[in-house]
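Here's the structure we're looking at; comments come further down.
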There are 2 protein chains.
Amino acid sequence: FSEIFGTDGFPLAIHFIMFLPVLQSQADGNLAAEFLPRAMSLQIIGTYAQTEMGHGTNVKELETTAIYDKTTEEFIVNTPTRSAMKWWPGNLGKMSNYAIVTAQLHIEGVNRGPHNFVIQLRSEKDHKQMKGITIGDIGPKMGISSVDNGFLALDHVRVPRKNMLMKHAKVSPDGKYTPPVHAKLNYGGMVYVRAHMIHNLARNLCAAVTIATRYSAIRRQGRVDTASSEVQILDYQTQQYRLFPQVLLVIRKKESNKVCCQISRAFAYLFTGAETDLLPDLHGLTSGLKSVVSFEAAQAVEQCRMACGGHGFSHASGLPKLFGIVVAGCTYEGENMVMLQQTARYLMKAAEKAERGEKLAYSIEFIGKKTRGQSTIGLHRGDTEMEMEAIFEALEHAARRLIIHAYDEWEKRVKEGESRDRAWNEVTVEMNRAARIYTRLFIARSFHRRVISSPETVRSVLTDLLSLYLHYECIDMAHHLLHDGHCNGDQINFLKRSMNEDLIKLRPDAVSIVDSFDQSDRELNSVLGRRDGNVYEALFEWAKSSELNYTDVLPAVEKHIKVMLEANRAKM
Amino acid sequence: FSEIFGTDGFPLAIHFIMFLPVLQSQADGNLAAEFLPRAMSLQIIGTYAQTEMGHGTNVKELETTAIYDKTTEEFIVNTPTRSAMKWWPGNLGKMSNYAIVTAQLHIEGVNRGPHNFVIQLRSEKDHKQMKGITIGDIGPKMGISSVDNGFLALDHVRVPRKNMLMKHAKVSPDGKYTPPVHAKLNYGGMVYVRAHMIHNLARNLCAAVTIATRYSAIRRQGRVDTASSEVQILDYQTQQYRLFPQVLLVIRKKESNKVCCQISRAFAYLFTGAETDLLPDLHGLTSGLKSVVSFEAAQAVEQCRMACGGHGFSHASGLPKLFGIVVAGCTYEGENMVMLQQTARYLMKAAEKAERGEKLAYSIEFIGKKTRGQSTIGLHRGDTEMEMEAIFEALEHAARRLIIHAYDEWEKRVKEGESRDRAWNEVTVEMNRAARIYTRLFIARSFHRRVISSPETVRSVLTDLLSLYLHYECIDMAHHLLHDGHCNGDQINFLKRSMNEDLIKLRPDAVSIVDSFDQSDRELNSVLGRRDGNVYEALFEWAKSSELNYTDVLPAVEKHIKVMLEANRAKM
């Protein structure tokens, strides 16, 4: 689809990404039989309406209500206030005729929390709005302009009992409520969407990196020394420093015998072990991954864009649209700050367990370990494997220290008499730091595992990328490595020198690496990223087709500017 | 103007910001007499056409030529290649009928470098393009959508000799060239534009901060403890950490007895001492300021935008447009990486001088000084002044270390036999680090000077802001404070605790502080930032006016979607 519609979203996106998967995973047999075949054969278009004007990430406090009326065996679904209106769901405004709507389920005065209901929004005959339903588009946004994000008000809409998604929680005809077996079972959907999201982020980042790297090999500006001619800007160390770390963020899954990105790898690892008792681990980790990956991806696209100078600011480059869609990922599916807090809560439980000497899950095992003396970074001349091990050891040490420090700060406040919740709010900046470094360590580890098990043919270039990646991460987190003297300044200088060597080593392969991502010009949709490199001519062609060039002297100039100039001349 | 046109630029912007000031500062008496009165009374509209498709920041390599023909006393101005076309100048595409065009001046086979010429682009009668001139709009961009950034090709256009801007460099009728007295005299224009730019960045940042802070006091989401009701999101530590450091970036000049922002202050300081022999200092400093301030402002606006969650992504918030215009500042008027290198070159000269024991200008004096033992941060219980001095001392130490480290790395390579230029390119990442920390130190010092000399009435809140600012900067640069053990981890922890206290202290004043910026709703142009706080109702009103809501069932749905759905139903 993205080749046809571009990166900016399309009218059936949410139908496929949300409506169908949620139906499949949460509808019981009868409801699935009624709607799945029709949805899969596109006889209806659905969306997923959870977020409200007044509440997003905090799903627990949604204001929309579904009150069960057992006399008619119906739910009365209602948005009682302005801020209760559903707001933001993609394809809600104009395209969809059905939606899964999230509402607080009330049965005989008791609120059972948010549950999902299939509700018809528009007539299948003339696409007009159903009775009690008010829908529209919410107006222009920073990105995803091709998607009709919409609003939805429900005025006491009656929905038959069977339309509730009852695979996990159930309501019997006479109003008896059965809760789901596992309270967090519905998290499965969130994990799926986040996995899909990270896949998409990688795809968009891949495009951005390809565009910026190719263009940096075309653009010539300035001289490294005065004698030679102007150089490709990719020869500048600063440009390499800007781009190469982004390149390795996108080494992505293609086929089984090709390279996988660390993220897909992480998820593959997770899904194979995804049983109920792993849910807390899975949730703690994916929350952090969602936050770290979306933020890093947005920063990476923005670095790619700025690395293209002025032309990166033009829509000709394709980069502003990529940024718009990628940066949205910092907010949707759970605001990043809140996501990190969820990871932090998971880590605090782990710290507590570690204190009691209990066994921890694989990815957090290091919290309970002890550091073996000073870091040995830089002491393994030439032994890449040992050097990498020293780096992981240092990162683990730093992550452990931050996690335990955050835990101690929190405990200290609680011991001084503050409530656990209030004390929490006073240490959240530190909590988020801990969550971030834990997640980055996890990603680094996954990428490392992937590289050492990769086929011979690509292992050498992947090892160079891994080396750059680890050095870059360490320098970026140098503060935490230095904090308690585990590393010293000389070791940081060693890492910096190594990173500079990595950049030099990767320079000759840079264009080939992005070419290997094998993206078509159609997919990239960028004048700067064209495979043939004929950038300047194409830029002129693109500009000529600007709407403002349809007429040379614009009507507004005729009507206002010329009149003003003439009037001013007449005055003299 | 910005109240009428919004933040997105307007059709006469470049006329006032560039065309007029450049005329005033570079035209000789006759040319000024001919054009200034007409330009000032808006009988003509001018723009400034320097950047080309193939060259931006590297002005020296512009391809447009102006060859002097002494037989007719004219310059023949020509864009010989596709990439020589002028590209990006604002208001060039449709509005302007004159331009100051930068071209390489050739006289009798000798290239005298880039010079400026006034050239008529469009007829004053019918606004049609003049002979030999091709102009148009360059198409949509990430921001500044109301500005017609344009392209311009010149096909051997003949321009009378008097149209060259000859206040500094001159060409006599018989082709004798007189260079300007001081080679860098034209830098005056750049310094002016950068000052204006920083003023504008502050104004836009001010709007972003006002919007995000007000909205954070309206938006309620989640609970700090389960017993109480939902809290204003401004009560979350992470939200304060996101916003308050941005607030103090915009404490901006209003009137003499009100608060000035550190930037205006820095510039005021510069301009009073701006004589020719200060030009290298001025240039070194403004290059760094341009880079650091534009990057920090862009990051700050983006933090403000993300702090508004989903609604920050909607154009209703006004924030995406603010981001578009602010982030452009990282690129225009000199790409930030290149700007930092200019500051670094200035610092390297200073390091050389310091090595020889020569006296240095005030802002770089610290490079030649010695550090007095370990940092005393955290050892001055309760003495704010002493504590701040310790912080400045630590920042100076770190900046000095980075500058000298970069210098040594460079020298080392030169001694090993590399050319100075090639060696430079291998240490530029480190050079940029040094330039950045030097500039941040300068800003912090200027802000400090401003605060201690501010009137009593505002000094207390300004001191709180200064305290937050310094703590924030130190934590952000902790890596450099820890690097050689000048500070230790306990001191960094002390800074973190102090910063948390600053956040708590500023919370009650936050909304009043942004209210004191006194921006009208019209100026803010944001549904989220409204003074009356009636955000949700206004959001709905705004959405209803979306173009997509003019008709309920869109023609595209009638024509394609409904047809598709019906066809799919028929198949079953």
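No lab work stands behind these numbers, since they all come straight from the coordinates. Here the structure is a predicted model, which means the values were calculated and not measured. Cβ placement follows ideal geometry from the backbone for every residue including glycine, while neighbour counts extend to all protein chains displayed.
What's the longest bit of chain B with no exposed GluC sites (Glu not before Pro), using DSSP loop states and at most 14 other Cβ atoms within 10 Å as the test? Don't skip to the end; give the middle numbers.
Working: sites that count: B:E108, B:E255, B:E275, B:E358, B:E416.
With a cap of 14 other Cβ atoms within 10 Å, the longest stretch comes to B:417-572.
Let me see the pair-distance distribution of the range A:431-557: every alpha carbon pair, 5 Å bin width, integer percents in order.
P(r) for the range A:431-557, in whole percents per bin: 2, 8, 12, 13, 13, 12, 10, 8, 7, 6, 5, 4, 2, 0.
Hey, what's the per residue convex hull volume over the C-alpha atoms of chain B, in cubic angstrom? Please list the in-between numbers first.
Working: hull volume 138.6 nm³, N = 572.
So the per-residue hull volume is 242 Å³.
Go through the range A:6-83 and name the trypsin sites (Lys or Arg not before Pro) that are in a DSSP coil and have 16 or fewer other Cβ atoms within 10 Å of their Cβ.
On the way: sites: A:R38, A:K60, A:K70, A:R82; in loops: A:K70.
Listed in order of number, the matching sites are A:K70.
Work the Kirkwood hydrodynamic radius out for the protein assembly as shown: mean of 1/r over every pair of different alpha-carbon atoms, inverted, in Å.
On the way: mean 1/r = 0.0314 Å⁻¹.
That comes to 31.8 Å for the protein assembly as shown.
Which of B:P140, B:L503, B:F295 sits closest to the plus end of the dipole of chain B, meaning its Cα is farthest towards the positive end, when Lys and Arg get +1 and Asp and Glu get -1 on the C-beta?
Checking the options against the dipole of chain B, the answer is B:P140.
Per 0.36 nm of contour for each residue apart, how much would the distance between A:D28 and A:E352 grow if the chain were fully extended, relative to their Cα-Cα spacing? Write out the running numbers ahead of the final one.
Working: separation 324, 0.36 × 324 = 116.64 nm, distance 3.90 nm.
Additional length available on full extension: 112.7 nm.
Enumerate the calculated ³J(HN,Hα) couplings along the range A:280-289 in order (Karplus 6.51 cos²θ - 1.76 cosθ + 1.60, θ = phi - 60°), each rounded to whole Hz, writing x wherever the residue is Gly or Pro.
Ordered by residue, 3J(HN,Hα) equals x, 4, 4, 5, x, 6, 5, 4, x, 4 Hz.
As a test of the definition: which semi-axes, in Å, follow for the range B:359-491 when you take the square root of five times each eigenvalue of its alpha carbon gyration tensor? Largest first, please. Working shown, then result.
Details: eigenvalues 205, 53, 31 Å².
Semi-axes, largest first: 32, 16, 12 Å.
On a 19 Å Cα-Cα criterion, which of the cross-link pairs B:K60/B:K353; A:K496/B:K370; A:K353/A:K412; A:K141/A:K544 come out too long?
Violating the 19 Å Cα-Cα cut-off are B:K60/B:K353; A:K496/B:K370; A:K141/A:K544.
With Cβ to Cβ distances under 10 Å as the rule, what net charge do the other residues near A:I211 carry (K, R +1; D, E -1)?
Details: positive: A:R214, A:R305, A:R530; negative: none.
Charge balance near A:I211 sits at +3.
Mind checking the range B:459-545 for trypsin sites (Lys or Arg not before Pro) that DSSP puts in a loop (not H, G, I, E or B) and that have at most 12 other Cβ atoms within 10 Å?
Details: sites: B:R459, B:K496, B:R497, B:K505, B:R522, B:R530, B:R531, B:K544; in loops: B:R530, B:R531.
Those satisfying the criteria are B:R531.
Translational D (Stokes-Einstein, µm²/s) of the range A:2-180 at 20 °C and 1.002 mPa s when Rh comes from the Kirkwood sum over C-alpha pairs? Please list the in-between numbers first.
On the way: Rh = 16.4 Å.
Estimated via Stokes-Einstein, D reaches 131 µm²/s.
Which residue, B:F75, B:P89, B:H127, has the largest displacement toward the positive end of the dipole of the range B:2-180 when charges sit on each Cβ (Lys, Arg +1; Asp, Glu -1)?
Farthest towards the positive end: B:F75.
Report the one residue of B:G46, A:M388, A:N336 whose Cα lies farthest in the direction of the positive end of the charge dipole of the protein assembly as shown (charges on C-beta: Lys and Arg +1, Asp and Glu -1; origin at the Cα centre).
Farthest along the dipole direction, towards plus: B:G46.
Would you mind telling me the antiparallel percentage of the DSSP bridges in the range B:1-127, rounded to 5? Please list the in-between numbers first.
Values: 15 of 22 bridges.
Counting DSSP beta bridges with both partners in the range B:1-127, the antiparallel share is about 70 percent.
For the range A:2-180, what relative contact order do you get, as a whole percent, if you take Cα pairs closer than 8 Å and at least 6 residues apart?
Details: 404 pairs, mean separation 45.7, N = 179.
After rounding, I find 26 percent.
Cross-link list A:K86/B:K571; A:K562/B:K321; A:K562/B:K86; A:K321/B:K349: which exceed 31 angstrom alpha carbon to alpha carbon?
Values: A:K86/B:K571 34 Å; A:K562/B:K321 29 Å; A:K562/B:K86 24 Å; A:K321/B:K349 42 Å.
Exceeds cut-off: A:K86/B:K571; A:K321/B:K349.
All other residues with a Cβ under 15 Å from the Cβ of A:N149 taken together, and with Lys, Arg as +1 and Asp, Glu as -1, what is their net charge? Don't skip to the answer; put the middle values down first.
Details: positive: A:K86, A:K94, A:K141, B:K544; negative: A:D8, A:E52, A:D137, A:D148, A:E333, B:E547.
Local charge sum for A:N149: -2.
Run the dipole for the protein assembly as shown about the Cα centre, Lys and Arg Cβ at +1, Asp and Glu Cβ at -1, nothing else charged, and hand back the magnitude in debye, nearest 20. Write down the numbers at each step before the final one.
Working: 138 positive and 132 negative charges, 156 e Å.
Computed charge dipole of the protein assembly as shown: roughly 740 debye.
Once every DSSP H run of n ≥ 4 in the protein assembly as shown is given -39500 (n - 2.57) and the sum is divided by its residues, what mean residue ellipticity at 222 nm do you get, rounded to the nearest 500 deg cm²/dmol? Write out the running numbers ahead of the final one.
Details: 38 runs with 549 residues, N = 1144.
Helices in the protein assembly as shown give a 222 nm mean residue ellipticity of -15500 deg cm²/dmol.
So what's the net charge close to A:G284: Lys and Arg +1, Asp and Glu -1, counting the other residues with Cβ under 9 Å from its Cβ? Before the final figure, lay out each step's value.
Working: positive: A:R345, A:K349; negative: A:D281.
Value of the local net charge: +1.
Give the relative contact order (percent, whole number) for chain B; include only Cα pairs under 8 Å separated by 6+ residues.
Computed value for chain B: 13 percent relative contact order.
Can you compute the charge dipole magnitude of chain A about its Cα centre, using +1 on each Lys and Arg Cβ and -1 on each Asp and Glu Cβ, nothing else charged? Give it in debye, rounded to the nearest 20.
540
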